[in-house]
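A short write-up of the structure that comes next.
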Amino acid sequence: MTWYQDESLWEVFYDCMFDQASFDLAKQQCPQILEMVGHPVKNALDLACGPGRHLLGFAQYGIAVTGVDLSGYLLSHAANHLDQQQTEGTLVHCDMLAYEPKQKFDLITNLFTSFGYYDGAEDNQTLLNKAYQWLNKGGSLVIDTFGKEQVAHMMEPVHLTEYDNGDLRIERPMLIDDMSVFANEWILVRGNEAFRREYQHFVYSAVEMKAMLANAGFEDIRIYGSFEGDEYDLNAERLIAVAQK
Ligand SMILES: C[S@@+](CC[C@H](N)C(=O)[O-])C[C@H]1O[C@@H](n2cnc3c(N)ncnc32)[C@H](O)[C@@H]1O
């Protein structure tokens, strides 16, 4: 089993990763994404939608939303959130690469560092190729992740995060395999208990990301350093790729 197929990872870290503040943030990001793509969006597909944070955000703009995710646990949270907010949405439980859409989309998103997880680099490229096929002409793909330059610039040997609920997360990140892979260890200390998980995924520079998107067929490819549209430089908060078909 690969790390991202381990449901216990999402269960243990749910409260840290997907607290109310993260839902509020996603709600802010959706109009920013729509502004970045700069064209009308009638329907959107969120690849690796997790608990549906951005599905809720996009649906507020009258957009028909579909979310795909491999985690049944996270999709059940997504279903609850959609229900609670009386929001329509289609949830699909499968691997992103195995998804078979019945329609094409104006917008496809992959957000909050959900890209590069496949063990084979060629599978990550295949996902971009498929996203291109699944878009309407003129539609856009938006990927929000962090870039290799950022990791190399900011990485600390140990990083500690303290949450409002008292949880502590200790991280021990590394760049391995000729700096192509970000490998991290998370240790969550909750009361008197500790949970430890390891994960790793490919990490791309802005130039590498652009090349992969161009390979998939995208033409207008832009890289931003934040949802506000800042430049991607050493102060960048994120690597956000916006690519139009
Ligand atoms: C960091 S979470 C981000 C979730 C969501 N995009 C968000 O912003 O809240 C990564 C997500 O990727 C999903 N995932 C990982 N590998 C996947 C795959 N091969 N196919 C579909 N979903 C996958 C996980 O289940 C998880 O929901």
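Is there a residue being within 30 Å of residue 34 (Cβ to Cβ), open to solvent by less than 40 Å² (accessible area, probe 1.4 Å) and out of contact with any helix residue (DSSP H, G or I) (no Cβ under 9 Å at 6 or more places or on another chain) anywhere in region 146-164? Yes, because at least one residue in region 146-164 is within 30 Å of residue 34 (Cβ to Cβ), open to solvent by less than 40 Å² (accessible area, probe 1.4 Å) and out of contact with any helix residue (DSSP H, G or I) (no Cβ under 9 Å at 6 or more places or on another chain). Residues that are in contact (Cβ under 8 Å) with a residue 40 or more places away in the chain and at positive phi are absent from region 10-32 altogether. Residue 136 passes every criterion in (1) in a strand (DSSP E or B); (2) open to solvent by 40 Å² or more (accessible area, probe 1.4 Å); (3) out of contact with any His (no Cβ under 8 Å at 6 or more places or on another chain); (4) not assigned by TED's automatic domain parsing to the domain that holds residue 43 apart from (4).
Out of all the residues in region 185-207, which are of a type outside the set (A, V, I, L, M) and surrounded by 15 or more Cβ atoms within 10 Å (Cβ to Cβ)?
Here is the first cut: in region 185-207, the residues of a type outside the set (A, V, I, L, M) are 185-186, 190-193, 195-202, 204-205.
Those that are of a type outside the set (A, V, I, L, M) and surrounded by 15 or more Cβ atoms within 10 Å (Cβ to Cβ): 185, 186, 190, 195, 197, 199, 200, 201, 202, 204, 205.
Could you tell me whether any residue of region 70-91 is polar (S, T, N, Q), more than 24 Å from residue 8 (Cβ to Cβ) and within 9 Å of the ligand (Cβ to nearest atom)? The answer is no; no qualifying residue exists.
Let's see how each residue does on (1) under 18 Å from the mean Cα position of the chain (by Cα); (2) at negative phi:
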site	(1), (2)
112	yes, no
128	yes, yes
141	yes, yes
144	yes, yes
148	yes, yes
157	no, yes
167	no, yes
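For region 19-44, a residue qualifies if it is surrounded by 16 or more Cβ atoms within 10 Å (Cβ to Cβ) and within 12 Å of the ligand (Cβ to nearest atom), and the qualifying residues are 23, 26, 29, 30, 33.
For region 52-64, the condition holds for no residue, the condition being that it is hydrophobic (A, V, I, L, M, F, W, C), closer than 16 Å to residue 110 by Cα, modelled with pLDDT of 95 or more and open to solvent by 60 Å² or more (accessible area, probe 1.4 Å).
Examine region 104-113 for a residue that is more than 21 Å from residue 239 (Cβ to Cβ) and open to solvent by 20 Å² or more (accessible area, probe 1.4 Å), and state whether such a residue exists. Yes, some residue in region 104-113 is more than 21 Å from residue 239 (Cβ to Cβ) and open to solvent by 20 Å² or more (accessible area, probe 1.4 Å). Is there any pair linking a residue in region 157-178 that is not assigned by TED's automatic domain parsing to the domain that holds residue 121 to one that is open to solvent by 100 Å² or more (accessible area, probe 1.4 Å) and assigned to a loop (DSSP other than H, G, I, E, B), with Cβ under 6 Å and at least six apart or on different chains, and which? Partner pairs satisfying both residue conditions: 158/172. A residue that is surrounded by fewer than 14 Cβ atoms within 10 Å (Cβ to Cβ), touching a residue at least 24 places away in the same chain (Cβ under 8 Å) and touching a strand residue (DSSP E or B) at 6+ places or on another chain (Cβ under 7 Å) occurs nowhere in region 78-92.
When the residues of region 32-60 are filtered to those that are of a type outside the set (Gly, Ala, Ser) and part of a loop (DSSP other than H, G, I, E, B), which remaining residue is nearest to residue 145 (Cα to Cα)? For region 32-60, the residue satisfying everything is 49.
Provide a single number: the residues in region 1-11 that are open to solvent by 20 Å² or more (accessible area, probe 1.4 Å), assigned to a helix (DSSP H, G or I) and of a type outside the set (S, T, N, Q). Adding up the residues that qualify gives 5.
The values are calculated or read from the model by the stated rules, or taken from the named source; none is laboratory data. Quick caveat: nothing in here was measured; it's all calculated off a predicted structure. Here the Cβ is made from the backbone with ideal geometry for all residues, glycine too, and neighbour counts use every protein chain on show. Only protein heavy atoms, including side chains, enter the accessible area calculation; ligands, DNA and RNA are left aside. Shrake-Rupley method; radii C 1.70, N 1.55, O 1.52, S 1.80 Å.
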